[in-house]
Each structure stands twice: as C-alpha cells, then as structure tokens.
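For reference, the structure is listed below as structure tokens.
The values are calculated or read from the model by the stated rules, or taken from the named source; none is laboratory data. Predicted model only: the values in this text are computed from it and were never measured. Backbone-built Cβ (ideal geometry, glycine too); neighbour counts: all protein chains shown.
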Amino acid sequence: MKQATIIGLGMIGTSLGLALRRLPSPPRVIGTDSQFDAAQRAGRLKAVDRAERRLEDAVSGSDLVIIATPVGAVREVLQTIAPVLTQGSVVTDTGSTKRHVVYSAGELLPSTIAFVGGHPMAGRLTSGVAEPDATLFAGTVYCLTPSSSTPPDAVSAVANMVQQIGAQPYFLDPEEHDGLVAGISHLPYVVSATLMRVLASQQGWREMSVLAAGGFDSVTRLAAHDPDMFADIVKSNSDNVSRQLSLLIDALTSTRDRLAAGETDLLGELRAANSLRVEWERQREKSK
C-alpha cells in the first residue's frame, strides 16, 4: 500500500490516519471531510499527509480508500468516487451496519474496484467528543464482511491493514454481522437513550438528577453519543434492532408482572446475570 485515502475525519477516520502513519513503512495518507475544518484538524494532528476538499481529488492515485463517514452517507460517497477511482484499487468502510453498504458497493462500483466491508469494534465509553488516538484499534476486533465475489487479494490487503494497526480481523457475512451487532451495540444505545428520556420526563427528575451517581451514569452514558450517527445506524438495521427490542420488552414485562403480583424475589435472575457478565469479562480478557 503506497497511498491511502480516508473519507471522513471524525474520531475513527482520524485515528486510522494516525495509526497508518505510525507504521514502519507508512503509506501516504490523504484525507477529506465534508467539514473542511475537520480535515484541517487531522492535518494539524499529523493524521494525514494532505487534506483535500474534493472527494475526486482525495481518491486520485490511492490504492486503498477507507470510507469513515456515517452509514447514511456511504452510498452518496460511493456514487461520487466510483467514476474516478484508480483501476485495481480497494475500497473499504468503517460503518456500524453492513448489509446496505455491501449492496450499494456491489451496485455502484465498477468491476475493476474491489470492496471489503469493515467495522472496527473500537468504541469508547466516554461522553462528549472522543479524541483521536493512534492506539484506538490495538487489541480490538475488526469485522470484515467481504462478499462471495470479492477477490481474495483485496480481502488480504484489508486484513493486512487491520493487523498492522493492531486489530484482529473477524470475518462475517453482512447479514450475520448486522444481526449480531443489533444486540450488543445498537440495542444498548436505544435502551440508554430511552431510559434517559423516561427518567428526565418525570416530575421528580430535578430531585433524581441530584441523587444520580455511578449506576445511572453507567447505564445512560451511551445517550451522550452522537444522536445523528446512531439514528442512521438504527434506521439501516431497524429489523434486527426491533427483534432485539421485542426480546428485551418480553423479559422486562415478565419481571414487571412478577413484581406487581408480589413476587419480589429476583435473586435467581440477578445471580444468573452476574455470572454471565463475569464470564464474559473473563473470556474477553483471555482473548486479549
């Protein structure tokens, strides 16, 4: 890889630029963003070698193009760059849903351009604006969702890039990917945002807000993340998120009905949840 273009210089895109430029033999990194001040900031952070205003100029001559925009913008980006991509180049993305992105790439990109869907599982539990970090991907799982027609050398090129920045490639079918992340990524955001709205709309919220501490902070922290980005994500994966919500609603309804009927002993369920969480933490640490 001699030259890479990153389209979208938010936290993920800028962190990718920083990670690529720290490699022993770094590629030339070109960056672009619809908000040009974001591109200029990436330049000041030395995440890109050059910032371009126009997508067409940004992708010229690049053998790898990484689309790090919100999911809802990917199709428009593909339409714009498709006619001007360098023949034989590889395109990937970092979007949180994959079915619509992979379909759009197959529909819009010429046969001389390979596309490999990507999704770094590298979110951080911080509120507000997260700072770009060259080590953001170190030790994380990085989902790759090539189609059955993706050339093996293109898959290898993206997988190699993922490994070079310290992440572990994890191959999935696009449909499977979206079904899985609906539960462990998209559902938690919807629950966090809904809980925040429900509590803050109550008459006693002023008093509750004074008392709110660690537990409230942990459960509602995701609600502080970019609502526009998550609205795009949920919209593009609505069927899977709806299915996961139904399962959660059924479980909550059962708990509510038991409490209302005077069955107040939830120790068994709480112990089961505790064991499952501890086991997940143990497995996660073991895999690092």
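Out of all the residues in the stretch 1-11, which are modelled with pLDDT under 95 and closer than 23 Å to GLN79 by Cα?
GLY10 - this is the single residue of the stretch 1-11 that is modelled with pLDDT under 95 and closer than 23 Å to GLN79 by Cα.
Among helices (runs of 4 or more DSSP H) lying entirely in the stretch 195-288, which contain 1 or more residues that are closer than 26 Å to ASP178 by Cα and touching a helix residue (DSSP H, G or I) at 6+ places or on another chain (Cβ under 9 Å)?
214-220, 227-236, 238-260
Checking the conditions here, which among HIS119, HIS100 is crowded, with 18+ Cβ neighbours inside 10 Å, within 27 Å of ALA223 (Cα to Cα), over 14 Å from the mean Cα position of the chain (by Cα) and not acidic (Asp, Glu)?
HIS100
Which of the numbered conditions does THR97 fail, given that it passes all the others? Conditions: (1) under 23 Å from GLU76 (Cα atoms); (2) in a helix (DSSP H, G or I).
(2)
Please identify the pairs in which a residue from the stretch 213-228 that is closer than 16 Å to HIS186 by Cβ has its Cβ atom under 9 Å from the Cβ atom of a residue that is aromatic (Phe, Trp, Tyr) and surrounded by 11 or more Cβ atoms within 10 Å (Cβ to Cβ), counting only partners at least 6 apart or on another chain.
Going by the 9 Å Cβ cut-off, the qualifying pairs are LEU222/TYR189; LEU222/PHE230; ALA223/TYR189; HIS225/TYR189.
Being modelled with pLDDT of 95 or more, surrounded by fewer than 16 Cβ atoms within 10 Å (Cβ to Cβ) and not in a loop (DSSP other than H, G, I, E, B) is true for just one of ASP153, ASP178. Which residue is that?
Selected residue: ASP153, the only one of ASP153, ASP178 that is modelled with pLDDT of 95 or more, surrounded by fewer than 16 Cβ atoms within 10 Å (Cβ to Cβ) and not in a loop (DSSP other than H, G, I, E, B).
Quick check, is TYR170 part of a helix (DSSP H, G or I), among the aromatic types (Phe, Trp, Tyr) and closer than 24 Å to ASP133 by Cβ?
It is false that TYR170 is part of a helix (DSSP H, G or I), among the aromatic types (Phe, Trp, Tyr) and closer than 24 Å to ASP133 by Cβ.
Residues being surrounded by fewer than 23 Cβ atoms within 10 Å (Cβ to Cβ), hydrophobic (A, V, I, L, M, F, W, C) and modelled with pLDDT of 95 or more: count how many of those fall in the stretch 13-36.
Result for the stretch 13-36: 2.
Any idea which of (1) in contact (Cβ under 8 Å) with a residue 12 or more places away in the chain; (2) surrounded by fewer than 24 Cβ atoms within 10 Å (Cβ to Cβ); (3) over 20 Å from ALA167 (Cα atoms) is the one ALA39 doesn't satisfy?
The number of the failed condition is (2).
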